[in-house]
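**Q** The structure that follows is given in the form of structure tokens.
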Amino acid sequence: DGKASSVTTKTISINGECRSGDDADVIIVGAGVAGAALAHTLGKDGRTVLVIERDLTEPDRIVGELLQPGGYLKLIELGLEDCVEDIDAQRVFGYALFKDGKDTRLSYPLEKLQADVAGRSFHNGRFIQRMREKASSLPNVQLKQGTVSSLLEDNGTIKGVMYKTKTGELTKAYAPLTVVCDGCFSNLRSSLCNPQVDVPSCFVGLILENCQLPYENHGHVILADPSPILFYRISSTEIRCLVDVPGQKVPSLSNGDLSKYLKTFVAPQIPPELQEAFVTTVDKGNIRTMPNRSMAAAPYPTPGALLMGDAFNMRHPLTGGGMTVALSDIVVLRNLLMPLRDLHDSYTLCNYLESFYTLRKPVASTINTLAGALYKVFSASPDEARQEMREACFDYLSLGGVFSNGPISLLSGLNPRPLSLVVHFFAVAIYGVGRLLLPFPSPKRMWIGARLISGASGIIFPIIKAEGIRQMFFPATVPAYYRAPPTQ
């Protein structure tokens, strides 16, 4: 292994070297939300699983703290619902929207679901540790601390991974299937997909202590200038605040610019009952920042390997949909792998698993498209047509009934229907145009209305195109949709 230590590429060839037996049925790179949940799921199905994670101590992140009700239903399906217990997780029943001194409350449509189904908000690290414990409690799942430097490839097929152990020793591990879920900073994804990562904005994260939210058990979205501010409870005493800052740079923390920006520009825009706690927290200086990434799923089908989680697909975190997409993907993958006993025929398996990319689309594309579109609509703009769209969106949701239930069931992951999303999105635009033209349309208002419709199209259609129009709206016409399990 001496030569291999100098390898810097993400995939290295093993030239068909001889080896006896595999280390596992499946190797999972990364034990975050996706990796830990997948390890438990495959382990429960009787597979031997080796999970390699760079750092097994409790993560401390400012995202991955809100699980939508649709994601909680997937946790139940995977038998992981007890991972939100004993971590002081808070139930979430909907959202409150604030704009220019007005506010409206939007509830998740949970009436027909069992009593414990709701969103959950929590410390991301506590949730991940619970899932890691649950996975490693299975005798056939092994969690190892190590840094994977490359995938091992033989004639175009991934055979396993090369990783550095805790003690610094370079080791190889082999399996017929390697699942890469090493998160948003993935250093392995470039050999399995074409990563077009977009960074529309950054989050500035704070934790407010011992104060009350205007609407307890609800996420709070403030339609501020220049872009949204979020508040939600992550424990019985702590409220997470995320201030969105457009672009890839935030004001400097070290020279005090960021504190000044938060206190003079952001604080006056947040609900009065949170302002004092917000300013106190800024003064304490425990401020974290993180770039928000979005990346459409564009994998190269690769025999022996699969991408999952944030390594595979990301969307703006405004709507808190990332964990719901990851857990939903795991359910799809589990159902596809269930009839297979042997994973060794990598080409046949790769061909069969192409249906994964289509079957995941209803949930993933709905949540991804909504996140991208809402972020653009909720952000302030000097353009009059965009201002009208933002105003129309707030007022449309404030109408209640079907007008708020439809969009909120899409956002919550409870209604993964892309067509419903497009209908509501354009209903908002038409509602905005209707308000402009009533009672008396003037040429100027008609022109703004036309620009509003064209602006709405310019927001949603590029996102839909990136997701794949055919897979999103006509999945049954995609040949991979009907792949039968390989006979064994």
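The values are calculated or read from the model by the stated rules, or taken from the named source; none is laboratory data. Predicted model, so just to flag it, every value in this text is computed and none were measured. Quick reminder, even Gly has a Cβ in these numbers, built from the backbone with ideal geometry, and neighbours come from all protein chains shown. Surface accessibility is based on the protein's heavy atoms, side chains included, excluding ligands, DNA and RNA. Shrake-Rupley method; radii C 1.70, N 1.55, O 1.52, S 1.80 Å.
**Q** Which residue out of Asp55, Asp100 is within 30 Å of Gly43 (Cβ to Cβ) and either among the polar types (S, T, N, Q) or over 18 Å from the mean Cα position of the chain (by Cα) (or both)? Walk me through how you get there before you give the answer.
**A** Values: Asp100 fails: within 30 Å of Gly43 (Cβ to Cβ).
From the options Asp55, Asp100, the qualifying one is Asp55.
**Q** Go through region 330-347 and give me each residue that's in a helix (DSSP H, G or I) and either surrounded by fewer than 12 Cβ atoms within 10 Å (Cβ to Cβ) or among the hydroxyl-bearing types (Ser, Thr, Tyr) (or both).
**A** Within region 330-347, Ser346, Tyr347 meet the criteria.
**Q** Go through Gly247, Gly322 for me and flag whichever is of a type outside the set (S, T, N, Q), in contact with a Lys or Arg (Cβ under 8 Å, 6 or more places away or on another chain), under 24 Å from Leu370 (Cβ atoms) and open to solvent by 10 Å² or more (accessible area, probe 1.4 Å).
**A** Of the residues listed, the single one that is of a type outside the set (S, T, N, Q), in contact with a Lys or Arg (Cβ under 8 Å, 6 or more places away or on another chain), under 24 Å from Leu370 (Cβ atoms) and open to solvent by 10 Å² or more (accessible area, probe 1.4 Å) is Gly322.
**Q** Something else about it: Only residues that are closer than 24 Å to Ala96 by Cβ and either of a type in the set (Gly, Ala, Ser) or at pLDDT below 95 (or both): list them for region 181-208, please.
**A** Ser201, Gly205
**Q** Let me ask something else. Mind checking which residues of region 114-129 are open to solvent by 60 Å² or more (accessible area, probe 1.4 Å) and either in contact (Cβ under 8 Å) with a residue 24 or more places away in the chain or within 22 Å of Thr41 (Cβ to Cβ) (or both)?
**A** Gln114, Arg126
**Q** Further question: Residues of region 94-108 being in a loop (DSSP other than H, G, I, E, B) and buried (at least 17 other Cβ atoms within 10 Å of the Cβ), which ones?
**A** Within region 94-108, just Tyr108 meets the criteria.
**Q** Let me ask something else about it. Of everything in region 135-162, what is assigned to a helix (DSSP H, G or I) and open to solvent by less than 50 Å² (accessible area, probe 1.4 Å)? Give them in sequence order.
**A** Of everything in region 135-162, just one residue is assigned to a helix (DSSP H, G or I) and open to solvent by less than 50 Å² (accessible area, probe 1.4 Å), namely Ala135.
**Q** Within region 45-67, identify whether any single residue is of a type in the set (Val, Ile, Thr) and in a helix (DSSP H, G or I), and answer yes or no.
**A** No.
**Q** Write out, first by first residue and then by second, each pair whose Cβ atoms fall under 7 Å of each other, whose residues are 6+ apart or on separate chains, and whose first residue, in region 176-200, is among the polar types (S, T, N, Q) while the second is open to solvent by 20 Å² or more (accessible area, probe 1.4 Å).
**A** Filtered contacts from region 176-200: Asn187/Lys10; Ser190/Lys10; Ser191/Lys10; Ser191/Thr11; Asn194/Ala298; Gln196/Ala296; Gln196/Ala298.
**Q** From the list Val197, Val141, Val148, exactly one residue is within 19 Å of the chain's Cα centre (by Cα) and under 25 Å from Ala37 (Cβ atoms). Which is it?
**A** Answer to the check: Val197.
**Q** Could you look through region 30-44, keep only residues that are open to solvent by less than 10 Å² (accessible area, probe 1.4 Å) and outside any helix (DSSP H, G or I), and pick out the one that is nearest to Ser136 (Cα to Cα)?
**A** Taking the candidates together, the pick is Ala31.
**Q** Let me ask you something else. Considering each residue of region 78-93, count those that are surrounded by 16 or more Cβ atoms within 10 Å (Cβ to Cβ), touching a helix residue (DSSP H, G or I) at 6+ places or on another chain (Cβ under 9 Å) and not in a loop (DSSP other than H, G, I, E, B), and give that number.
**A** Count: 4.
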